[in-house]
């Protein structure tokens, strides 16, 4: 449990919306990039960004109080280790999404219903809204590609000559990184046709196959799903898994990179992310819920840990 004073605990929760919005604004203005060469007066930053200097100063001062940026002297800011992350792949896009569309979406959270409420604010479901807003789709794909690379896939042993199908693979960044580590593998990035990607950078070992994972997927030896199933409720997530199972040859492997909600009251980001998934139409899952979902679709779980679930067709 936290050692914070109870009043501080409550205040940190109360100010959460302001923190998210301020951080999103700083990301959209690319303040971290502007400070990459060193400290600069807020007047310069505001002029470069086309915003009001005093307002920007107050936003950056608030963020600096939490260690995101630092005010070395009145009105002069620099980067910190935390704000420098905004200069790396994915974090700027995540901050943009959480400070804009996700910020507005979570405001629709309604304890009277267990149904997605995203449409109340945006007039359409999340995926249709993304398809209608190409710039937001590009930000989403970049965020998904930059959330830590292949991560837990580093722990997986590959035979060496397998074809890996990355379901919902976005711009292919994760699959490219995986194949760099395993020169014998070949890969297929499978996603919607409108996915923003650079196929010229795929090389001759990766191909992009457009399609809908509710209808069909390519055949392969290993299927990866990175932060895909949590976007959907059990019925739709099960449909995705059954589509994969129908295409997979015997003994094909399934690697699911997802959070596994832990029991008890220990802090875990997935417990908060689950509220965003609720308004969008998905959910984070416990170990028991993951087992029921995968086994119900014809997969046998071989190993399950927070961040990586390894399964096989049976």
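Inspect region 249-256 for any residue being on the phi > 0 side of the Ramachandran plot and out of contact with any helix residue (DSSP H, G or I) (no Cβ under 9 Å at 6 or more places or on another chain) and give the result as yes or no.
yes
Hey, among the residues in region 152-171 that are closer than 14 Å to residue 208 by Cβ and under 18 Å from the mean Cα position of the chain (by Cα), which one's surrounded by the fewest Cβ atoms within 10 Å (Cβ to Cβ)?
168
Criterion first (closer than 29 Å to residue 282 by Cα, assigned to a loop (DSSP other than H, G, I, E, B) and either in contact (Cβ under 8 Å) with a residue 12 or more places away in the chain or touching a helix residue (DSSP H, G or I) at 6+ places or on another chain (Cβ under 6 Å) (or both)) does residue 20 satisfy it?
For residue 20, the condition - closer than 29 Å to residue 282 by Cα, assigned to a loop (DSSP other than H, G, I, E, B) and either in contact (Cβ under 8 Å) with a residue 12 or more places away in the chain or touching a helix residue (DSSP H, G or I) at 6+ places or on another chain (Cβ under 6 Å) (or both) - is not met.
Quick check on this structure: which one of 132, 143 is under 28 Å from residue 102 (Cα atoms) and modelled with pLDDT under 90?
Result: 143 is the single residue among 132, 143 that is under 28 Å from residue 102 (Cα atoms) and modelled with pLDDT under 90.
Out of 36, 27, I need the residue that is under 26 Å from the mean Cα position of the chain (by Cα) and not in a helix (DSSP H, G or I). Which one?
Result of the check over 36, 27: 36.
The values are calculated or read from the model by the stated rules, or taken from the named source; none is laboratory data. Predicted model only: the values in this text are computed from it and were never measured. So basically every Cβ, Gly included, is an ideal-geometry build from the backbone, and we count neighbours across all protein chains shown.
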